[in-house]
There are 2 protein chains.
Amino acid sequence: MTREAERPSGVAPGELSRRPKRDGDGNDGQTWAPATGLPPSTDAYRLLPRHRKGDRKIAAGRDLFSIGETNTAIFNLLSGWVAIYTLLEDGRRQIVHFALPGAVMGMPTSKGAQVSYSAQALTEVVVSVIPNSVLAAASRDDPELSMRLASALARDTSMAYDHMTSIGRRTARERVAHLLLELFTRYRAQWPGDRIEEMAIPLTQEQIGDATGLTFVHVNRVLSTLRKEKIVHFHYRRLRILDPDRLIEVAGVDPQTAMSWFQRRSP
Amino acid sequence: MTREAERPSGVAPGELSRRPKRDGDGNDGQTWAPATGLPPSTDAYRLLPRHRKGDRKIAAGRDLFSIGETNTAIFNLLSGWVAIYTLLEDGRRQIVHFALPGAVMGMPTSKGAQVSYSAQALTEVVVSVIPNSVLAAASRDDPELSMRLASALARDTSMAYDHMTSIGRRTARERVAHLLLELFTRYRAQWPGDRIEEMAIPLTQEQIGDATGLTFVHVNRVLSTLRKEKIVHFHYRRLRILDPDRLIEVAGVDPQTAMSWFQRRSP
DNA sequence: CGACCCGTTGAGATCGTTCAAGTAACGTGG
DNA sequence: CCACGTTACTTGAACGATCTCAACGGGTCG
């Protein structure tokens, strides 16, 4: 049941460099028929209404949208991994969120607003693109819709707060452990039956650094010691959890909470 | 950030002098008239419907709600300042957001969910409390409501991403400058006419540290140098901006963006 | 087979923390 | 209105976590 399609195997034909640049020209995702390689309950991921011809396939390394663009549509991720990130003028980069299938991206903050962050495909990705007008119409038909949307956004905010706490108050070791644990549990929540303790994480050590507020050099050192301690083994984008209990401990997560993560079913 | 000696030895647990206690008695008392009084257009802040008897007044230092509580109502801040924060088990604290009048707090991430953060009144505060049931009913009456709510939440997420970028990728000096600039512009957006460059910020240096991921000692040093350089003067909760241009420069904010902040009218 | 990423390791510099000992403002009760 | 206790702010010295710079090794792909 392990999904080859989900693997970052064919990653980025040279799109990902040490300092990924902003993808200026945007992307030219071709329209695409409903996907293969999706998790079991694909339809559950369609929080948002389906738009005719709205599915797009985007290559790894490309941006789905970029900071400063005026918001004309919102995106519902159907498959693949996406990094939401911001840039400082001198090139420093912060990955603020990893979007997994089911995620909603690009919700406008007000009418005609510009997004204040960018979204980069980490793997090949399929998104459902819903123009704002379609969304507005759909929410008239289905009054519950925008409330579900609001809940999803509240979830995003909560996750952002959690991530922020990690960056602001945890040590490097704790941050890395916390991120790996988070990604592992979120990923696993998508295949509830699966008992594997190994997964493909389509991230370089530099991207882990960008997410945790560290340099890739230091991420490497932390990962090395975690490996020597036989807690986790992360190498060339494959993650193996060797000692879940100690990982939870290092991550500084309440075991209670950690277990609930293993249940939860949210993007 | 050493693992153990996190709590000042000798001090009884729960009596941490510097660490504000969760909830409990709270140091009610001081009120900060300047920053607390209701802005001109109070009604504009009622993004959410008014609930009969729903207005509550809360003393400075108290928690509006705490992590782990089951979510039964959402809050619309009418006046005063609120800190949204999280705690790690050993007492490390991260302030993830400062809520100003107009803010919506405590939106549930799913039915019957628990909030994953706490909210502490920094000044005396007035909030409108809207039970979930009332919200649901109101959103049936006013289909636009939940869409406006979703936009407000998207705004929260954007702000969280911005703050996270600051903590993860900026130097201490940049972080402090950025926070002061942000608070100043958000505050000023509430009194559009006002031309003052001085304001009361109801924060201690420790709270600034908790928001920026620094220790209060280092916050103090940064503020000292900013004062010596005649950029900003922050002393005993009063902020005076001496050199706006250089502050914008130090904060590493695009002047273009900074100016737009001075226009924007959002909590 | 040759490029090109990506990962690894060492040495030294730096930024921010920790610990410690003050001083200044505030608030309270006499 | 003053004395006192408390909280907030300030400063110095030493330490250490993380960064920077630099060189090299390993994997993968065209």
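Which condition breaks for A:R238 when tested against (1) within 13 Å of DNA strand C (Cβ to nearest atom); (2) touching a helix residue (DSSP H, G or I) at 6+ places or on another chain (Cβ under 9 Å)?
Checking A:R238 against (1) within 13 Å of DNA strand C (Cβ to nearest atom); (2) touching a helix residue (DSSP H, G or I) at 6+ places or on another chain (Cβ under 9 Å), the one that fails is (2).
Looking at region A:60-74, which of its residues are within 13 Å of chain B (Cβ to nearest Cβ) and surrounded by 20 or more Cβ atoms within 10 Å (Cβ to Cβ)?
A:I74, the sole residue that qualifies.
If I filter region B:156-177 down to residues being within 14 Å of the chain's Cα centre (by Cα) and in contact (Cβ under 8 Å) with a residue 60 or more places away in the chain, which single residue comes out as farthest from the other protein chains (Cβ to nearest Cβ)?
B:M159
Yes or no, residue by residue, for (1) under 20 Å from B:L87 (Cα atoms); (2) of a type in the set (V, I, T):
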site: B:E198; (1), (2): no, no
site: B:T204; (1), (2): yes, yes
site: B:E229; (1), (2): no, no
site: B:V232; (1), (2): no, yes
site: B:R240; (1), (2): no, no
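For residues that are in a helix (DSSP H, G or I) and among the basic types (K, R), scanning just region B:151-199, find the one that is surrounded by the most Cβ atoms within 10 Å (Cβ to Cβ).
So the residue we want is B:R175.
What's the total number of residues in region B:79-94 that are in contact with a Leu (Cβ under 9 Å, 6 or more places away or on another chain) and farther than 14 Å from B:I58 by Cβ?
Number satisfying all stated conditions: 3.
If I filter region A:221-244 for residues that are without any contact (Cβ under 8 Å) to a residue 40 or more places away in the chain, over 24 Å from A:A119 (Cα atoms) and of a type in the set (G, A, S), do I get at least one hit?
yes
Would you confirm whether any residue within region A:94-107 is within 30 Å of A:L214 (Cα to Cα) and surrounded by fewer than 22 Cβ atoms within 10 Å (Cβ to Cβ)?
yes
Tell me, which residue of region A:208-257 that is hydroxyl-bearing (S, T, Y) and away from chain B (no Cβ under 14 Å) is nearest to the chain's Cα centre (by Cα)?
Across region A:208-257, the extreme among qualifying residues is A:Y236.
Quick one: would you say B:M164 is more than 16 Å from DNA strand D (Cβ to nearest atom) and on the phi < 0 side of the Ramachandran plot?
No: the conditions fail for B:M164.
Out of all the residues in region A:219-260, which are surrounded by 12 or more Cβ atoms within 10 Å (Cβ to Cβ), more than 11 Å from A:L181 (Cβ to Cβ), of a type outside the set (D, E, K, R) and modelled with pLDDT under 90?
Listed by number, the residues that qualify are A:M259, A:S260.
Out of the residues in region B:200-228 meeting the condition of being touching an Asp or Glu at 6+ places or on another chain (Cβ under 9 Å) and assigned to a helix (DSSP H, G or I), tell me which one is nearest to DNA strand D (Cβ to nearest atom).
Checked region B:200-228; the qualifying residue nearest to DNA strand D (Cβ to nearest atom) is B:F216.
So B:L145 passes all but one of these: (1) within 18 Å of the chain's Cα centre (by Cα); (2) crowded, with 18+ Cβ neighbours inside 10 Å; (3) more than 16 Å from DNA strand C (Cβ to nearest atom). Which condition number does it fail?
Result: B:L145 passes all but (1).
Tell me which residues, restricted to region B:229-254, are hydrophobic (A, V, I, L, M, F, W, C) and within 13 Å of DNA strand D (Cβ to nearest atom).
Passing the criteria: B:V232, B:F234, B:L239.
If you scan region A:218-235, which residues turn out to be among the β-branched types (V, I, T) and near DNA strand C (Cβ under 7 Å from one of its atoms)?
The answer is none; no residue qualifies.
Would you pick out the residues in region A:198-212 that are in contact with a helix residue (DSSP H, G or I) (Cβ under 7 Å, 6 or more places away or on another chain) and either within 12 Å of DNA strand C (Cβ to nearest atom) or assigned by TED's automatic domain parsing to the domain that holds A:R93 (or both)?
Once the filter is applied, which keeps residues that are in contact with a helix residue (DSSP H, G or I) (Cβ under 7 Å, 6 or more places away or on another chain) and either within 12 Å of DNA strand C (Cβ to nearest atom) or assigned by TED's automatic domain parsing to the domain that holds A:R93 (or both), region A:198-212 yields A:I201, A:Q205, A:E206, A:I208, A:G209.
Please go through region B:96-150 and pick out each residue that is assigned to a strand (DSSP E or B) and within 11 Å of chain A (Cβ to nearest Cβ).
Correct list: B:V96, B:H97, B:V104, B:M105, B:Q114, B:S118.
The values are calculated or read from the model by the stated rules, or taken from the named source; none is laboratory data. Bear in mind the structure is a predicted one, so any value in this text is a computation, not a measurement. Backbone-built Cβ (ideal geometry, glycine too); neighbour counts: all protein chains shown.
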